[in-house]
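Participant: Got a structure for you, written out below as structure tokens; questions coming shortly.
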Amino acid sequence: MVLTILDFLKFIKNKEINNKFDAWQIESGKNSLTDFFKLKNYKIFIVNSDGDRFTLNNCKFSETFNYRNQKKCIISDKHTRKYIKSTNFEKKLYEFNTWGEKS
């Protein structure tokens, strides 16, 4: 199934994004953008800088967030930069807190 702009507009039409908290509500939680499209039976993928795609169950291995130095990250933000600047011990803590298992 191919995402159309109409599907996105249905999701976003009653949402206001005025601050970071509003953005977080769209990014995660029970009413997130991802969950909206999962309920509509869309296949959800994470794509890394190599153009490889990963299912949500395997997104850790995309190396885009808090895993293996994020070597294949496409977007940088304060969280990705914090991870990159961290010590190896701190990186292991971030990885565990993100993925819930030893890397």
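Participant: Cut-off is 10 Å between beta-carbons; in what order do I46, I26, I5 appear when sorted fewest neighbours first?
Facilitator: Ranking I46, I26, I5 by Cβ neighbours within 10 Å, fewest first, gives I5, I26, I46.
Participant: A further question on this structure: Considering the chain as a Gaussian network with a 10 Å cut-off on Cα pairs, which listed residue, F11, F65, F54, attains the greatest mean-square fluctuation?
Facilitator: Highest fluctuation of the listed residues: F11.
Participant: What nm value, rounded to one decimal, do you get for the distance between T80 and S32 when each label is placed 7 Å out toward the C-beta?
Facilitator: A separation of 1.7 nm, rounded to one decimal place.
Participant: Still on this structure, I have one more. Among K43, K85, K60, which one shows the biggest mean-square fluctuation in a GNM of the chain, springs joining Cα atoms closer than 10 Å?
Facilitator: K85
Participant: What residue among R68, R81, R53 has the largest mean-square fluctuation in a Gaussian network model of the chain, using Cα springs under 10 Å?
Facilitator: With Cα springs under 10 Å in the chain, the top fluctuation among R68, R81, R53 is at R81.
Participant: Hey, another quick one. Can you sort W99, W24 from fewest to most other Cβ atoms within 10 Å of each residue's own Cβ?
Facilitator: W24, W99
Participant: Give me the compactness ratio for the chain, meaning the Cα radius of gyration over 2.2 N^0.38 Å.
Facilitator: With N residues counted in the chain, Rg over 2.2 N^0.38 Å equals 1.21.
Participant: Given the DSSP H assignment, sum -39500 (n - 2.57) over each helix run of at least 4 residues in the chain and divide by its residue total; what's the result at 222 nm in deg cm²/dmol, nearest 500?
Facilitator: Theoretical 222 nm ellipticity from helices: -11500 deg cm²/dmol.
Where a number appears in this text, it was derived from the coordinates with a stated rule and is not lab data. Because the structure is predicted, anything quoted here is derived from the model rather than measured. Using ideal geometry, Cβ is built from the backbone for each residue, glycine included, and neighbour counts are taken over all protein chains shown.
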